Amino acid sequence: MNTDIVANLEEVKSQIESICSKCNRSSEEITLIAISKMKPVEDIRTALECGQVEFGENKVQELTGKMEELPDERVSWHMVGQLQTNKIKYMIDRVNWIHSVPKKKALKEIEKRAEAAGRQINVLIQVNISGEDQKSGCEPEALPELLDYARGLKYVRVRGLMGMATLTDDRDQIRSEFALLRKLRDQHKDAYDEPVKLEHLSMGMTHDMDIAIEEGATMIRVGTAIFGVRDYQ
């Protein structure tokens, strides 16, 4: 067992408790998703035995490989990376959450594949809150059209929004981008009912999870602080 992972998980959970206490939130509102990309299944098993059950990957091929290697029903798998529509079919049998849905085409394909698999899939609409061309996600003004389309789906459940802030040391900029995602969620939260129920905000990673929690995140995606630095740049 990798004892570093055990200690790291405890430290991250302690940080979440501390951040929540400072902003008058309950840590029970926060789902910690351990981002295990480029890390071996043995590391996931270690975290699992510590009670961590939510795991995220950003590439479909790596996700499907790990789902096959670790068929433990306790694990809830999250796809958090850029979504390629033609690869949805490979993960639909096991994935529990897809965070990075940017457009109607992806919703349509998830619905088709989920119906064939006889499963309901939880998804989050990714919004490009940073305005960067290289970031995936719909533009904020395109969000209502996507939500309206999702109203007619039977196997896709839109549970909230996901966003990635600019990779910068400017914490005010990061905060403003997370605040934008929260504002968008709040604007549309009461306008929809099942299967569109905007209860979650997936935002924040190792370096900015404190800001994300302060701005209303319900899901944070943490990799390095749990599994250590990855063997690539």
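The values are calculated or read from the model by the stated rules, or taken from the named source; none is laboratory data. Small disclaimer: the values here were computed from a predicted structure and weren't measured. Methodologically, a virtual Cβ is constructed for each residue, glycine included, from the backbone with ideal geometry; neighbour enumeration extends over all protein chains shown.
In contact with a helix residue (DSSP H, G or I) (Cβ under 7 Å, 6 or more places away or on another chain), surrounded by 15 or more Cβ atoms within 10 Å (Cβ to Cβ) and part of a helix (DSSP H, G or I): is that true of K89 in this structure?
Here the answer is yes, as K89 does meet what is asked.
Residues checked against (1) among the hydroxyl-bearing types (S, T, Y); (2) under 18 Å from H200 (Cβ atoms); (3) touching a helix residue (DSSP H, G or I) at 6+ places or on another chain (Cβ under 6 Å):
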position: V75; (1), (2), (3): no, no, no
position: N96; (1), (2), (3): no, yes, no
position: H99; (1), (2), (3): no, yes, no
position: K104; (1), (2), (3): no, no, yes
position: R119; (1), (2), (3): no, no, no
position: M164; (1), (2), (3): no, yes, no
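Please enumerate the residues belonging to region 33-49 that are of a type outside the set (D, E, K, R), surrounded by fewer than 17 Cβ atoms within 10 Å (Cβ to Cβ) and either out of contact with any helix residue (DSSP H, G or I) (no Cβ under 9 Å at 6 or more places or on another chain) or not in a helix (DSSP H, G or I) (or both). It would help to see each step written out before you state the result.
If we filter region 33-49 for residues that are of a type outside the set (D, E, K, R), which is where we start, we get 33-36, 38, 40-41, 44, 46-48.
After this cut, where a residue has to be surrounded by fewer than 17 Cβ atoms within 10 Å (Cβ to Cβ) as well, the list is 38, 40-41.
Answer for region 33-49, where residues must be of a type outside the set (D, E, K, R), surrounded by fewer than 17 Cβ atoms within 10 Å (Cβ to Cβ) and either out of contact with any helix residue (DSSP H, G or I) (no Cβ under 9 Å at 6 or more places or on another chain) or not in a helix (DSSP H, G or I) (or both): M38, P40.
Cβ-Cβ distance below 7 Å, separation of 6 or more or different chains: which pairs start in region 165-189 with a residue that is more than 14 Å from G131 (Cβ to Cβ) and end on one that is small (G, A, S) and surrounded by 14 or more Cβ atoms within 10 Å (Cβ to Cβ)?
R182/G216; R185/G160
Looking at A179 and the list (1) assigned to a helix (DSSP H, G or I); (2) of a type outside the set (D, E, K, R); (3) crowded, with 18+ Cβ neighbours inside 10 Å, which single condition is not satisfied?
Here A179 meets the rest and fails (3).
Residues in region 212-225 that are surrounded by 22 or more Cβ atoms within 10 Å (Cβ to Cβ) and touching a helix residue (DSSP H, G or I) at 6+ places or on another chain (Cβ under 8 Å): how many?
Here the count works out to 6.
Residue by residue through region 142-173, note down the ones that are in a helix (DSSP H, G or I) and either at pLDDT below 95 or within 17 Å of the chain's Cα centre (by Cα) (or both).
Answer for region 142-173, where residues must be in a helix (DSSP H, G or I) and either at pLDDT below 95 or within 17 Å of the chain's Cα centre (by Cα) (or both): there is none.
Scan region 1-25 for residues that are farther than 30 Å from Q61 by Cβ and in contact with a helix residue (DSSP H, G or I) (Cβ under 6 Å, 6 or more places away or on another chain) and jot them down.
The answer is I16, E17, I19, C20, C23.
State whether one or more residues within region 58-71 are acidic (D, E), in a loop (DSSP other than H, G, I, E, B) and either more than 12 Å from V123 (Cβ to Cβ) or free of Cβ contacts under 8 Å to residues at least 40 places away in the same chain (or both).
no
So for region 10-32 (the condition being in a strand (DSSP E or B) and not acidic (D, E)), does at least one residue qualify? Write out each step before concluding.
The initial filter retains those residues of region 10-32 that are in a strand (DSSP E or B), namely 31-32.
Cutting the leftovers down to not acidic (D, E) gives us 31-32.
So far as region 10-32 goes, yes, one or more of its residues are in a strand (DSSP E or B) and not acidic (D, E).
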